[in-house]
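Please read the structure below before turning to the comments.
The values are calculated or read from the model by the stated rules, or taken from the named source; none is laboratory data. What you are looking at is a predicted structure, and each value in this text was computed from that prediction instead of being measured. Here the Cβ positions follow ideal geometry from the backbone for every residue, glycine too, while neighbour counts run over all protein chains shown. Protein only, heavy atoms only, side chains kept; ligands, DNA and RNA dropped before computing areas. Shrake-Rupley method; radii C 1.70, N 1.55, O 1.52, S 1.80 Å.
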Amino acid sequence: MKLKRSGKVLKTCCPFHNENTPSFIVYPKTNDFHCFGCGVNGTVVDYIMHRLHTTSASEALHYISNQYGIKLNGFNEEQYKKKKELIGKKRTEATGYFKNFTKANDFMKQRKISLDTFRKFGIGWDVERQAVAIPYLNTYGEVVGMSFRLFNEDGPKYINESETDIFQKSHLLYGLDKARKDIKKHVYIVEGYFDVLALHDMGLPGVAYCGSSLTEEQITLLSHYITNETKIYLIPDNDKTGMKAVHKNIEKLSKLKNKLAVIEMPNGIKDPNDLLIAGQTIQEMKPTHVLMFQLKTSLNDCLDKEDEYEVAFDIAKKTKNEMLKQEMVRYLSERWKESLELVSKHMESGVPEESLLDHIHGFQETFIEYQAESKDGDKSFILTGYPKLDERIPKHFRKKELVYVMGRSGSGKTTFAVNLAYNAVHHQNKNVAFFSIELPRTAVMPQFIQIHKNWPEKMAERFAQDKETYDDELRYLMNKFNEHMAFVDKEGSTLEDIEKYVHLMNEQYFKKPIDIIFIDYFGMIKRPGKKEAYHEYSEQARSLKEMAKRLDCTVVCLSQANRDGGKDGSTPLTLQSSRDTGAIEESGDYVLGIYRPGLNPNLDDNEKVVVEKEIRIQVLKARWGLVGECLLQFDGKTKKITDWPDNLPKLGSDRSAKDDKRNGRRV
């Protein structure tokens, strides 16, 4: 097919109906397609099924395997034929039950589910068992097994066929074949078959785990069809079993990092099917945040109020969302008959104190933790992206470490930080939070485009004004950096604000926690203003280090040099150049100095040409490495910082001692 790029998608004329204007869209980000002309959509497997005019996903996979030489587990000829034969038998069996569909009329009328939905899900009747027959379909709609709803009062309500190579219930989600194309925004997880049918009648995409609780295999299966933005709603049965299962399901689903909520059934209503029978819909029910749900249900299991105080505190500390905390405070105030102020104070301070024993660790325990860290290798470190500089920092920037980048105005601190952030995302797939407290984020944005494309700022502006100029590299930039990077440019942010923003990003924005935080810059972090500047800056410097430990990430903070650092950013720095406080030297694991000899106002035009591309990074303090200086190349037009090319001389070394003394730089 001749696919043509159109923004973030690919377009062509649909192969499944006649058209002159392309309406067949391929979405590279999610690897699926949709035709807005005839409605055909799905994954590459769906596409092949349509092209082969088959309803068998196995046949489509077999075709893909043979046609393109792709080895698929379980798809050698012998196993394929065996599975195809089994699926054929199950389809024939389900068709036989479906022919007796009308014999289940009384049951269907009681359930208030539409006949059209019963037919769509292939519900039938087993004359021998005198039971409703429920076909169990795999993700692509192939019948792989059967379940039966019995009416014997002395026996079980449901029985399942024995498991086979194609039917392992714990690996399947009932209803996923119907819902999988509609769960990009939200999905509803229920316990039973007829709850899924009821949701379908309500126009909602639902799946059921049909067991005691969700299995790891079912969660993995679900993760293949949802996105980061998909909201997951758990709807437990309104009984003891359902309430017990929902807590397990919350714990397992929390690994997906999606937004989770619980929809509780009203009194007297057991499940979504009962809700439908009562003439109500799920849309009328208000979802409850999982932590709020856990708070309410956990307190009901407490022995006394003192127990409740501790449980409430433990649950509340799992979130940094202030609005959710206030909702918890209001609920607890009413429950405990205490003032909002008292409850709020308790939730902030907490009754339990951590034991000193929690901080004592044995040699073997510490070795095991070290062993786990070692297995990650460079994945757990942050590289600068400049080999010569990374040589001076052999262990690289690690989690819990604080890095200061110090320089005078105009020396290129922000540009250096942008280059580091770009390298972290582009080369290492790290998650980055960029706090641009001094400049609006839109002032920083062009530099990322410039660095990526080697463009001057005017070209970056033209690109922003005309999105049709997107090429593959810029689409990559947009997609990858949108997944791995977020900005905050709120003026007057305190350290507490920054930490809250990071927790919020970890909870709701990124799939995995933030790896590195950039703060531009130290002097713009809002301080209380109750003490002398020196003492408050010192406290903030120490608090930054503590924050890096709590957040378990690397923090890079830009800092303005004092007069010791020269007036124009053209001269080397010392540790005494840190403005107003020696705590920067004390708290920082690394202190980098940055200067550009070309900023010296005393240079003539010829001298400026010699040094205009030089940017020098000093390692003034290194917890794990060597102090010294590294020469990098700075392109003022594109804002890109790169290693100094090996084929270029180190320009400063060719200048006379007189020039070096006048320019105030080391050689």
### Query
Restricting attention to the range 154-247, which GluC sites (Glu not before Pro) occupy a DSSP loop and are surrounded by at most 16 other Cβ atoms within 10 Å?
Glu161, Glu163, Glu229
### Query
With charges only on Cβ, +1 for K and R and -1 for D and E, what is the dipole size of the chain about its Cα centre, in debye, rounded to 20?
1820
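Loop-only GluC sites (Glu not before Pro) in the range 39-148, please: DSSP not H, G, I, E or B, and at most 10 other Cβ atoms within 10 Å. Provide the component values of the computation, followed by the final result.
Details: sites: Glu59, Glu77, Glu78, Glu85, Glu93, Glu128, Glu142; in loops: Glu128, Glu142.
When the GluC sites (Glu not before Pro) of the range 39-148 are filtered for loop state and at most 10 Cβ neighbours within 10 Å, Glu128 remain.
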### Query
Per the Debye formula with a single identical scatterer at each Cα and no solvent contribution, what log10 I(q)/I(0) holds for the range 380-487 at q = 0.09, 0.12, 0.18, 0.24 Å⁻¹?
-0.26, -0.46, -1.01, -1.56
### Summary
Cα-based Rg and Dmax for the range 151-214, in Å, come out at 13.2, 43
#### Entry: Residues Val44 and Glu586, FRET efficiency given R0 of 51 Å [Cβ-Cβ distance, rounded to 0.05]
0.35
### Query
From the Cα gyration tensor of the range 209-367, with a ≥ b ≥ c the square roots of its eigenvalues, which class applies: rounded if a/c is under 1.5, or else prolate if a/b is larger than b/c, or else oblate?
oblate
#### Entry: Intensity falloff of the range 376-442 expressed as log10 I(q)/I(0), Debye formula with alpha-carbon point scatterers, at q = 0.14, 0.15, 0.25 Å⁻¹
-0.47, -0.54, -1.37
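Beyond 22 Å between alpha-carbons counts as too far, so tell me which of Lys453/Lys512; Lys184/Lys296; Lys112/Lys270 fall in that bin.
Pairs exceeding the cut-off: Lys453/Lys512; Lys184/Lys296.
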### Query
Of all accessible surface on the range 1-52 at a 1.4 Å probe, what whole percent is carbon and sulfur?
53
### Query
Once every DSSP H run of n ≥ 4 in the chain is given -39500 (n - 2.57) and the sum is divided by its residues, what mean residue ellipticity at 222 nm do you get, rounded to the nearest 500 deg cm²/dmol?
-12000 deg cm²/dmol
#### Entry: Taking all pairs of distinct alpha-carbon atoms in the chain, Kirkwood radius in angstrom
29.8
### Task
Quick one: angle between helix 472-484 and the longest Cα principal axis of the chain, in degrees between 0 and 90, rounded to 10, please.
80
### Message
Counting only Cα atoms, I'd like the Rg/Rh figure for the range 198-242, Kirkwood definition for Rh.
### Response
0.97
### Task
For the range 564-639, just say rounded, prolate or oblate: build the C-alpha gyration tensor, square-root its eigenvalues into a ≥ b ≥ c, call rounded for a/c under 1.5, and beyond that prolate if a/b exceeds b/c, oblate if not.
prolate
### Task
Any chance you could look up the accessible area of Lys395 with a 1.4 Å probe, heavy atoms only, rounded to 10 Å²?
80
#### Entry: Cα gyration tensor of the range 473-544 - equivalent ellipsoid semi-axes, whole Å, descending
30, 13, 10
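Over the chain, with the other protein chains present, what is the accessible area per residue in square angstrom, probe 1.4 angstrom? Please report the intermediate quantities before stating the final value.
Details: 35100 Å² over 667 residues.
Averaged over the residues of the chain, the accessible area is 53 Å².
Give me Rg/Rg_expected for the range 108-208, where Rg uses Cα atoms only and Rg_expected = 2.2 N^0.38 Å with N residues. Mind dumping the intermediate values first?
Numbers: Rg = 13.6 Å, N = 101, 2.2 N^0.38 = 12.7 Å.
Computed over Cα atoms of the range 108-208, the ratio equals 1.07.
Would the range 412-458 count as rounded, prolate or oblate if I go by the C-alpha gyration tensor, calling it rounded below 1.5 in a/c and otherwise prolate when a/b exceeds b/c, oblate otherwise? If you can, show how the numbers build up before the last one.
Values: a/c = 1.85, a/b = 1.08, b/c = 1.71.
Because a/c hits 1.5 or more and a/b fails to exceed b/c, the range 412-458 counts as oblate.
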### Query
Can you run phi through the Karplus equation (6.51, -1.76, 1.60; θ = phi - 60°) for the range 441-454 and list ³J(HN,Hα) in whole Hz, with x for Gly and Pro?
4, 5, 7, 8, 3, x, 5, 5, 5, 4, 4, 5, 9, 6
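What is the percent of Cα-Cα separations in the range 400-556 that go past 25 Å?
Working: 3908 of 12246 pairs.
Considering the range 400-556, 32 percent of its Cα-Cα pairs are separated by more than 25 Å.
Over all alpha-carbon pairs in the range 13-151, figure out the percentage whose distance exceeds 23 Å.
Details: 4836 of 9591 pairs.
Result for the distance tail: 50 percent.
Counting each pair of different Cα atoms once, what's the Kirkwood radius of the range 69-159 in Å, rounded to one decimal?
14.6
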### Helix axis angle, 305-316 relative to the chain longest principal axis, alpha carbon, degrees
70
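Quick check of the Kirkwood formula: for the range 280-334, what is the inverse mean of 1/r over all pairs of different Cα atoms, in Å?
Details: mean 1/r = 0.0825 Å⁻¹.
Computed over Cα pairs of the range 280-334, the Kirkwood hydrodynamic radius comes out at 12.1 Å.
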### Query
FRET efficiency for Lys2 and Asp239, Cβ-Cβ distance as r, R0 = 41 Å, nearest 0.05?
0.15
### Query
Where the accessible area of the range 164-216 is counted over protein heavy atoms with a 1.4 Å probe, how much of it, in %, is carbon and sulfur?
48
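Dipole size in debye (nearest 20) for the range 151-265 around its Cα centre, Lys and Arg Cβ +1, Asp and Glu Cβ -1?
Values: 15 positive and 17 negative charges, 147 e Å.
The dipole magnitude comes to about 700 debye.
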